[in-house]
Amino acid sequence: GENVEQHPSTLSVQEGDSAVIKCTYSDSASNYFPWYKQELGKGPQLIIDIRSNVGEKKDQRIAVTLNKTAKHFSLHITETQPEDSAVYFCAASKGGSYIPTFGRGTSLIVHP
Amino acid sequence: EAQVTQNPRYLITVTGKKLTVTCSQNMNHEYMSWYRQDPGLGLRQIYYSMNVEVTDKGDVPEGYKVSRKEKRNFPLILESPSPNQTSLYFCASSTPGTLAYEQYFGPGTRLTVT
């Protein structure tokens, strides 16, 4: 089955810096890669996603890149703010499968 | 307000005492699923449902049951809970016509089994 590795497990940055979280996947048939943000005491919330026919997608301060050949995808957050502090999860799934595989999560801490 | 609700939010119980965690969504989503979240392990899918009366196992279904009698509700049943089922549980639903895409998660249920 699919295996998703996520790094780092913890990331500490200063406000205004950029943050990058990386994920690799094993199943070349995977074609959908969402990123979720989980704030303390809440459920995960989709923040951005990318499909395999796209190499990069941007939404204001966040962007996701996908390298299908290398089977890795990354989340980039620019100009980080304290409210970006949360746990971020990547996931991978493929068309026809109802079972997404999640990474283990990255705890992002943005220091004011 | 579009949302997924879960009840209870917190539950402490004893080994072997049957319990049910309810999940309801008001977005007319066809797809619903249950996850458990454990430290260092991320989110693992327990069961999912593509529509009413259609359910299937996820990655970690042992010790759990589900039912989907109505489109909006997807309860999680632990017939005989054990301490290794102590975890944070999330229900999720997806937009109509999509697969596991764009899931909306509930607020979570923290379960402790002693």
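Quick notes on this structure:
- Total accessible surface hidden between B and A, rounded to 100 Å², 1.4 Å probe: 1900 Å²
- Applying a threshold of 30 Å to the alpha-carbon distances of A:LYS22/A:LYS94; A:LYS22/B:LYS17; A:LYS94/B:LYS17; A:LYS71/B:LYS69; A:LYS57/B:LYS65; A:LYS94/B:LYS65 flags A:LYS22/B:LYS17; A:LYS94/B:LYS17; A:LYS71/B:LYS69; A:LYS57/B:LYS65 as lying beyond it.
- Within 10 Å of the Cβ of each residue in B:29-38, the mean number of Cβ atoms contributed by other protein chains is 2.
- Listing of region A:11-52 residues, each with accessible area lower by at least 20 Å² in the full protein assembly than in the chain alone (probe 1.4 Å): A:TYR32, A:TYR36, A:GLN38, A:GLY41, A:GLY43, A:PRO44, A:LEU46, A:ARG51
- Dipole magnitude (debye, nearest 20) for region A:1-97, charges at Cβ of Lys, Arg, Asp, Glu: 380 debye
- Carbon and sulfur %, accessible surface of chain A computed with the full protein complex present, 1.4 Å: 47 percent
- Kirkwood's formula applied to the C-alpha pairs of the protein assembly as shown gives a hydrodynamic radius of 18.0 angstrom.
- Convex hull of region A:48-109 built on C-alpha atoms - directionally averaged projected area, nm²: 4.9 nm²
- With 5 Å bins from 0: P(r) over region B:1-96, alpha-carbon pairs, percent: 3, 14, 25, 26, 19, 10, 3, 0
- In angstrom, the C-alpha Rg and Dmax of region B:43-114 are 12.5, 41.
- A:ALA70-A:SER18 FRET efficiency (beta carbon distance; Förster radius 25 Å; 0.05 resolution): 0.75
- Positive end of the dipole of the protein assembly as shown (Cβ unit charges, origin at the Cα centre): among B:MET27, A:GLY16, B:VAL66, the Cα lying farthest that way belongs to B:VAL66.
- Radius ratio Rg over Rh of region A:1-81, counting only Cα atoms, Kirkwood formula for Rh: 0.97
The values are calculated or read from the model by the stated rules, or taken from the named source; none is laboratory data. Bear in mind the structure is a predicted one, so any value in this text is a computation, not a measurement. Cβ atoms come from the backbone with ideal geometry, glycine included; neighbour counts cover every protein chain shown. We work out accessible area using only protein heavy atoms, side chains counted, and drop any ligands, DNA or RNA first. Shrake-Rupley method; radii C 1.70, N 1.55, O 1.52, S 1.80 Å.
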